[in-house]
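One structure follows; several queries about it will come next.
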Amino acid sequence: MLAGAAALGVGELIAGLVRPQASPWVAVGRAAIDMAPAPVKNWAINNFGTGDKLALQIGILVVVAILAAVLGRLGWAIPGTLVLGALGVAAALTRPDATGWDAAPTIVGVGAGLLTIKLLRGQLVAEDGGIGRRRFLSTAAGVVVASAGATAIGRYLDSTRTSGTVARETVHLPRPASPARPLPPSLPASFTTPTSSFYRVDTALVTPQVSTKGWTLRIHGTGVTKPLTLTYADLLARPLIERYITIACVSNTVGGPYIGNARWLGVRLADVLREAGVRPPSKGGRADQLVARSTDGMTIGTPVETVMDGRDALLAVGMDGQPLPVAHGFPVRMVVPGLYGYVSACKWLSSLELTTFSSYNAYWVTRGWSQQAVIKTESRIDTPHDGSSVSAAASGGVTVAGVAWAQHRGISRVELRADKGPWTPATLLPAPSADTWRMWRWTWHPAAKGDHTLQVRATDRTGTPQTSAEAAPEPNGATGYHTINVTVG
């Protein structure tokens, strides 16, 4: 275990000198994420939320500690360390964004682990047993302190890599050529999700720090007659549009939190594609898939027809009046109304390649998710909370409120029922467009005190009602009615 601690600590220190993504923790963690089946990923997201990555790193530490202890007990410390090191190097070098230097932290860390084994074994075979044990314990304590110190220094060095954060502070976003419509005064502040609490679901164990200096976006591939390479300044110089758009993660369970509404600023993606000579399949275009690539190697495939059908699909540079937060994709990300994030919302964007769905499967598709995934008509009760107690006034009743969404189709009706009784319509609040969620409220007059069940359903503007059939998030989004239990006192 001490050799394992030394290997990880020194590896973290060297990663601080190379780059955070080269850390043995990160390399193994990313490999674990890649290999985990969809149900395991959903379980982690739903149980740990945005802390799923921390839980993964703690899990890696526990597994390494157990393996190190078992290998030491069996007398396989040296060959075991070499095998684990080889696996770590393989994990580091097989990433799409890997460089040769990414193997250095693991290699040096393994060397530190082997030296620790040799040093501690030498202490144990000292001639005087008592002195040997004291020296061993003293050396072991030194290894622990040194490993912790190396880890701390490595993490500190990682924290100083703030090229994206620093660049973001210097960005002054231009005024939009087409501003967002003012929100109706009847909408509460919660219509827009605060940036600080906006959901984030991705595979990045280390948030990419991407500077605008030297950043480019390459547009190329099948059907591109005029390949483009755009700088950040090029994008800001173009006409920018501002729109309220609600985006959602496919991992969201019925009534879940992985959905948010923001005021996005960006360049209309369809305009850039047309400039590159791209045509949608309906107009004779050869490519039907747009593959977005992130600086960390993530790939996301989006239907070309969708991004060019007139909707406000964006190369987004701003969020709620500020440059994109680093955690949400600075300097540039994609936002496409009506599609789940795994087929539309590439963060830390670096390139756009035109291809076909028959010739290429993006990251999540190779792991069992659907190639294409339109956001389903869904609704959620936000108040009262599930399991809460409410008091019904003599005449006022109980206020029930929430949101419903069917991005790019819009919501035309929301209904609720108590205890599987008749459905009754809720009052819909206005929305700036069909690309956002719609807030609603309903006054409930409980028939009696005690425990009750409330359900909500929505209908989109095409007349299609939300399905009652219950389905898990994989492979293309959860379905069912959001149901809560409340106690009336």
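Between helix 104-124 and the chain, what is the angle of the helix's C-alpha long axis to the longest principal axis, kept within 0 to 90° and rounded to the nearest 10?
40
While we're looking at this one, here's another question. Give me the number: length gained by fully extending Ser186 to Asp97, i.e. 0.36 nm times residue separation minus the C-alpha to C-alpha distance, one decimal in nm. Mind showing how you got there, number by number?
Details: separation 89, 0.36 × 89 = 32.04 nm, distance 4.74 nm.
That pair, Ser186 and Asp97, stretches by 27.3 nm at full extension.
Under unit Cβ charges (Lys, Arg +1; Asp, Glu -1), what dipole magnitude, rounded to 20 debye, does the chain have relative to its Cα centre?
In total the dipole reaches around 380 debye.
Please report Rg (one decimal) and Dmax (integer) in Å for the Cα set of the range 266-387.
15.5, 55
Would you mind finding the longest exposed-site-free stretch of the chain, with exposed GluC sites (Glu not before Pro) meaning DSSP loop and at most 13 other Cβ atoms within 10 Å?
Working: sites that count: Glu127, Glu470.
The answer is 128-469.
A follow-up question, please. Calculate the length of the line joining the C-alpha centroid of the range 367-400 to that of the range 219-280, in whole Å.
30
In sequence order, what are the phi-derived ³J(HN,Hα) couplings for the range 304-311 according to the Karplus relation 6.51 cos²θ - 1.76 cosθ + 1.60 with θ = phi - 60°, rounded to whole Hz, with x for glycine and proline?
4, 4, 5, 6, 10, 8, x, 6
Please report the Cα spread of the chain along all three principal axes, rounded to whole Å, starting with the longest.
The Cα atoms of the chain stretch 88, 66, 42 Å along the principal axes, largest first.
Still on this structure, I have one more. Tell me which residues come under 5 Å, amide H to amide H, from Val332 once H is placed; ignore anything under 5 positions away on its chain.
Residues meeting the amide H criterion: Trp348, Leu349.
Something else: How much FRET efficiency would the formula 1/(1 + (r/R0)^6) give for Asp451 and Arg121, where r is the Cβ-Cβ distance and R0 is 60 Å, rounded to 0.05?
Approximately 0.40, to the nearest 0.05.
Between 0 and 90 degrees, rounded to the nearest ten: what's the tilt of helix 38-48 against the longest Cα principal axis of the chain?
90
Could you give each residue of the range 79-84 its phi-based ³J(HN,Hα) in whole Hz, using Karplus coefficients 6.51, -1.76, 1.60 with θ = phi - 60°, and x for Gly or Pro?
With coefficients 6.51, -1.76 and 1.60, one gets x, x, 5, 5, 5, 4 Hz.
Now, a different point. Assuming a ≥ b ≥ c are the square roots of the Cα gyration tensor eigenvalues, decide whether the range 346-474 counts as rounded (a/c under 1.5), prolate (otherwise, with a/b larger than b/c) or oblate. Could you put the intermediate results ahead of the total?
Numbers: a/c = 2.75, a/b = 2.31, b/c = 1.19.
In terms of gyration-tensor shape, prolate.
Now for a separate question. Pairing the Cα long axis of helix 129-159 with the longest principal axis of the chain, what angle in degrees results, from 0 to 90 and rounded to the nearest 10?
In the chain, helix 129-159 runs at an angle near 40 degrees to the longest axis.
Based only on the alpha carbon positions, what is the Kirkwood hydrodynamic radius of the range 189-367, in angstrom? All intermediate terms of the calculation are to be shown ahead of the outcome.
Values: mean 1/r = 0.0612 Å⁻¹.
Roughly 16.3 Å, rounded to one decimal.
Starting with the highest mean, order 478-486, 330-338 by the number of other Cβ atoms within 10 Å, averaged over the residues of each peptide. Please report the intermediate quantities before stating the final value.
Working: 478-486: 18.6, 330-338: 25.1.
Highest to lowest by the protection proxy: 330-338, 478-486.
Here is a follow-up. Ranked highest first by the average count of other Cβ atoms within 10 Å around their residues, in what order do 101-113, 218-230 fall?
The peptides rank, most packed first, as 101-113, 218-230.
Next up: What are the residues whose amide H is under 5 Å from the amide H of Asp435, where those residues sit 5 or more places off or on another chain and H is modelled from the backbone?
Residues meeting the criterion, in which the H sits 1.01 Å from N, are His408.
Hey, what do the phi angles of the range 465-470 turn into as Karplus ³J(HN,Hα) couplings, whole Hz, using 6.51/-1.76/1.60 and θ = phi - 60°, x for Gly and Pro?
Rounded to whole hertz, the list is x, 4, 7, 8, 5, 8.
Rule-based calculations on the coordinates, nothing more; no lab input. Please read all numbers here as calculations on a predicted model, not as lab measurements. Virtual Cβ from ideal backbone geometry, glycine too; neighbours counted across all protein chains shown.
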